[in-house]
1. I need a count of the residues in the stretch 1-52 that are under 23 Å from residue 70 (Cα atoms), part of a strand (DSSP E or B) and hydrophobic (A, V, I, L, M, F, W, C).
2. Only one of these conditions is not met by residue 89: (1) touching a residue at least 24 places away in the same chain (Cβ under 8 Å); (2) part of a loop (DSSP other than H, G, I, E, B); (3) surrounded by fewer than 15 Cβ atoms within 10 Å (Cβ to Cβ). Which number is it?
3. Scan the stretch 92-112 residue by residue and report those that are free of Cβ contacts under 8 Å to residues at least 24 places away in the same chain and not in a loop (DSSP other than H, G, I, E, B).
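Please treat every number below as a calculation from the coordinates, not as lab data. Predicted model only: the values in this text are computed from it and were never measured. A quick note on method: Cβ atoms are made from the backbone with ideal geometry, for glycine too, and the neighbour counts reach across all protein chains shown.
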Amino acid sequence: DGKYHVYVGKDNVNNDLLTMKFAKQNDYWFHARSVPGSHVVLRVDNPKEGIPKNILKNTASVAAFYSKAKTSGVAPVSYTLRKYVHKKKGLAAGQVLLSKEDVLLVKPEIPSNCLLLDE
């Protein structure tokens, strides 16, 4: 319905730009757990509105799809608000630290109800 927008990093440098420059503090941040992969940002038109569980799971599925866990049956995906994602000096491109996170177990896929735009 156009209320949710998902952005996916293409490489380590792009992940840093997406997470540290583009994402707002109250955007949701996703990454497949313990494997290399894209950073994924979920932006909501109204951050005060609760996000349905299916939207979180769909976004987590996208994060798993764009990771080394792509061929797994199910994959754990960490997610948190962007304000809990930090970059310390000396960390390599694409590497971040989380001060708070939740985990979803999802099937790596692009949900059928997603509209893919390449920008």
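1. Count: 8.
2. (1)
3. Scanning the stretch 92-112 gives 97, 98.
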